[in-house]
Amino acid sequence: MRTIYKKILVQISDDFISEGAAYFALKVAREVKSHLVLCFIHERGQEFEKGERLLKKYFLEAEKEGLKVEALIKEGRPFEILEDLIKKEAIDLLFVPGDGPKKLDQLLCSIAIVKIVNLGKLHPKRILFLLKGNLPSWKENANLIETFYHAFKTKVFLVCCGKSENFNKLLFHLEKAGVKMEVEFYPSFSHNIIIFQILSKRADLLILEKTDQRILGFLRRRESQKLIRETPCNLIIFRPFSKHEN
Amino acid sequence: MRINEAPLEEVFRLLKTTENGLSLSEAQKRLTYFGYNEIREIRKRSLLLMFLSQFTHFLALILWLAALLAFFSDFLHPGEGMRHLGWAIVTVIIINALFAFVQEYKAERAIEKLKLLLPSKVRAIREGREMELHVRELVPGDLIFLEEGAKVPADVRVIEAYGLVVNNAPLTGESLPVSLTPEPQKGELFTSKNIAFAGATVLSGHGKGIVFATGMHTEFGRIARLTETVQWEPTPLQREISYTSKSIALIAILIGLFFFMIGNLLKRTFWENFTFAIGVIVALVPEGMLPTVTLSLALGSQRLARRKTLVKKLSAVEALGSVTVICTDKTGTLTQNKMEVKRLWLPESSEETFKMLLKIAYLCNNAAFVNDQYKGDPTEVALLKFARQKISKIEAQRLSEIPFDAERKRMTILCEMEGKRLALTKGAVETVLPLCTHVLYGKEKLPFTEDMRKNLMETYYAMMDEGLRVLLFAYSEDIPEENMILVGLVGLEDPPRPEVKEAILN
């Protein structure tokens, strides 16, 4: 499978919250045979033995999968460390746990923010992808869907909200790639409809694109934030990066 | 790897916990992250907005406008009683709004009933110590005890089970008890036998489990949340009221304008025309429509209450009259949920065949008669009761069991009886009949011919037409469920409630 993610970085923390980010990063890296960089960031004076142990655990798991993997322990502010690493290591995709650093929009790579609410369903059997708006990054979205489909051998549901030609392009691309999926179209995004879709289809994982921050996006952002806050299943908020569309 | 598929060591690793449970600080951290283990309403709109919406629907807006015009008219020409009319209209709006708000508020309390299905306290282990916790303080990773008679407080991966049997009826509607095991299970979480779900009841046995989902992230929470996604459609009456009020508003304004223009043509002053037009408009607005509709629905709901029908939402009174199809639950609603053996069919009516059928009914059965009470699945209880009425205790030793499942639709037990090893089977006709090669005729076993099969199927269909649940009984002397000897059919019925016939007729 052709991939745009040659190098994947995942931020590890010393608690259960980062388990999800590490898990998905490992699976995606294995699927697309990326170089995986594990990074544990600690504050000055903080004990990091636990983090070191976790880092070692994931490192060994990645090696067992035959991945090229690096493990780093850094001290400092998470955002600055990540920004630096992304530039130096030419990172294509960053996985951070749900409580990751703020200002992620400024980072120069694609980002996947992982929020885990059900530890028993970490391995998803059903993934629901929410696609809305104009979907300018349809290629990267398609790539991500394809990756997750193959990585987890999962059932894929696509919910397309809005009218955009890019939906058709994305669907065509996925059909060509052999992704079996169920698609539903809605004229606009509605929090209630999405919740109903997630619950009735028993989706284990919801992946949605990070909403735009422009002023006119205010209402859409509010509905999306409500969905993120009250997510009924594990969640990945995906921010594609424009360089990957070229 | 999903929680049901993981071996025990992996379960501890996945949930980041140990056999000593969580530390108190870790539990507190998780409580902050995951929130309380409770079923809560994800309110679509605040109570205030719900209350205010009763003052802002279309008919209410027309009435507000009419009231405003009445006050304005009184301001221009006081002493003509328009002020009293204005206040009367405002009173009508307020009374209707309060009434409708109370009704809607009561109807939205469905979640409160679901909350009653969860327990309040649970025994758990934290920092190696046993303690009693409030159920709402449970977090993923907590190690809890599952005890007989108790309700399961969260979604739990079973790690120890001693005869642990649960009833998942609050989730699935099925009263069939489920035996739980700590072994890894492949397949869907929902059908795994190593998962205990929030809301289920522990029927017997005990065990331990690790919580992996709490609150609205449990299966129970999912169902609760689904009930909140229901979009209420306006009833036919509400649609008619909306259409009528829009039509009346339009007609009233047009007529008011018409009289205003006539007044102009008759060279009356602007304010005289304006006041007259306002009076016409206000007169045409049906202030009494809303309270009349509300009152008649309230009277209707009282009449229904006398006929033992509880109406939670007034608009349902009219909607009920427009219903063309009623979909209803059967077991326990239309029926008494008390299975009884109603009919038997034996290939040949001899004592030996009948006795064999009773033995299968008695032994191939997981129901029990304990402390003068029957316990177990209703179908099995019916069969055990029937067998015990005809014969006293049967001496036999159960050696093993192939339990019933929804796919095979049959159950087999291997037992030693009267010095012989037999495999006794009962189940659905379509799954047991193909395994039968012989039929019991008194003391003889005869080959199962096509004529016999035809005869059996005719009887089976006739019993089905009577509304009976039909099971086929057979046994084998050698390999279980192979070359079986057919013994007979048993038809069971869950009798309808006495009032159902009249309810359906009417």
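Looking only at region B:145-194, which residues are of a type in the set (D, E, K, R) and not in a loop (DSSP other than H, G, I, E, B)?
Correct list: B:Lys151, B:Asp155, B:Arg157, B:Glu160.
Check B:Ser322, B:Ser350 and return the single one that is in contact (Cβ under 8 Å) with a residue 12 or more places away in the chain, small (Gly, Ala, Ser) and in contact with a Gly (Cβ under 8 Å, 6 or more places away or on another chain).
Matching residue, one of B:Ser322, B:Ser350: B:Ser350.
Go over the candidates B:Thr218, B:Thr214, B:Thr229 one by one and state the one that is within 14 Å of chain A (Cβ to nearest Cβ), touching a strand residue (DSSP E or B) at 6+ places or on another chain (Cβ under 6 Å) and among the hydroxyl-bearing types (Ser, Thr, Tyr).
B:Thr218
Considering B:Phe197, B:Phe190, which residue is among the aromatic types (Phe, Trp, Tyr), closer than 22 Å to B:Gly21 by Cβ, within 14 Å of chain A (Cβ to nearest Cβ) and under 22 Å from the mean Cα position of the chain (by Cα)?
B:Phe197
From the list A:Phe16, A:Phe48, which residue is of a type outside the set (S, T, N, Q), closer than 21 Å to A:Ile207 by Cα and at pLDDT below 90?
A:Phe16
For region B:128-140: of the residues being surrounded by fewer than 24 Cβ atoms within 10 Å (Cβ to Cβ) and in contact with a strand residue (DSSP E or B) (Cβ under 8 Å, 6 or more places away or on another chain), which is nearest to B:Glu38 (Cα to Cα)?
Here the answer is B:Val135.
May I ask you to list the residues in region B:5-54 that are surrounded by fewer than 16 Cβ atoms within 10 Å (Cβ to Cβ) and touching a strand residue (DSSP E or B) at 6+ places or on another chain (Cβ under 8 Å)?
B:Glu19, B:Asn20, B:Ser23, B:Leu24
Scan region B:33-91 for residues that are without any contact (Cβ under 8 Å) to a residue 40 or more places away in the chain and at positive phi and jot them down.
The answer is B:Gly79, B:Gly81.
Does B:Glu112 satisfy being of a type in the set (Asp, Glu) and either more than 19 Å from B:Met216 (Cβ to Cβ) or at pLDDT 85 or above (or both)?
Spelling it out, it is not the case that B:Glu112 is of a type in the set (Asp, Glu) and either more than 19 Å from B:Met216 (Cβ to Cβ) or at pLDDT 85 or above (or both).
Could you check region B:1-17 and list, in sequence order, the residues that are at the interface with chain A (Cβ under 7 Å from one of its Cβ atoms) and either closer than 17 Å to A:Lys153 by Cα or of a type outside the set (Lys, Arg) (or both)?
B:Met1, B:Arg2, B:Ile3, B:Leu14, B:Leu15
What do you reckon, is B:Thr331 within 20 Å of the chain's Cα centre (by Cα) and either under 30 Å from B:Ala474 (Cβ atoms) or crowded, with 17+ Cβ neighbours inside 10 Å (or both)?
yes
If we scan region A:85-108, do we find a residue that is out of contact with any helix residue (DSSP H, G or I) (no Cβ under 9 Å at 6 or more places or on another chain), over 25 Å from A:Thr154 (Cα atoms) and in a loop (DSSP other than H, G, I, E, B)?
Yes, because at least one residue in region A:85-108 is out of contact with any helix residue (DSSP H, G or I) (no Cβ under 9 Å at 6 or more places or on another chain), over 25 Å from A:Thr154 (Cα atoms) and in a loop (DSSP other than H, G, I, E, B).
Looking at B:Asn37, B:Asn20, which is the one that is more than 14 Å from chain A (Cβ to nearest Cβ) and either within 30 Å of B:Lys193 (Cβ to Cβ) or among the polar types (S, T, N, Q) (or both)?
B:Asn20
Of the residues in region B:320-375, how many are aliphatic (A, V, I, L, M) and on the phi > 0 side of the Ramachandran plot?
Qualifying residue count, region B:320-375: 0.
Going through region A:188-208 one residue at a time, which ones are polar (S, T, N, Q) and either more than 9 Å from every other protein chain (Cβ to nearest Cβ) or in contact with a strand residue (DSSP E or B) (Cβ under 8 Å, 6 or more places away or on another chain) (or both)?
A:Ser188, A:Ser190, A:Gln197
The values are calculated or read from the model by the stated rules, or taken from the named source; none is laboratory data. Small disclaimer: the values here were computed from a predicted structure and weren't measured. In this analysis, Cβ positions are derived from the backbone assuming ideal geometry, glycine residues included, and neighbour counts consider all displayed protein chains.
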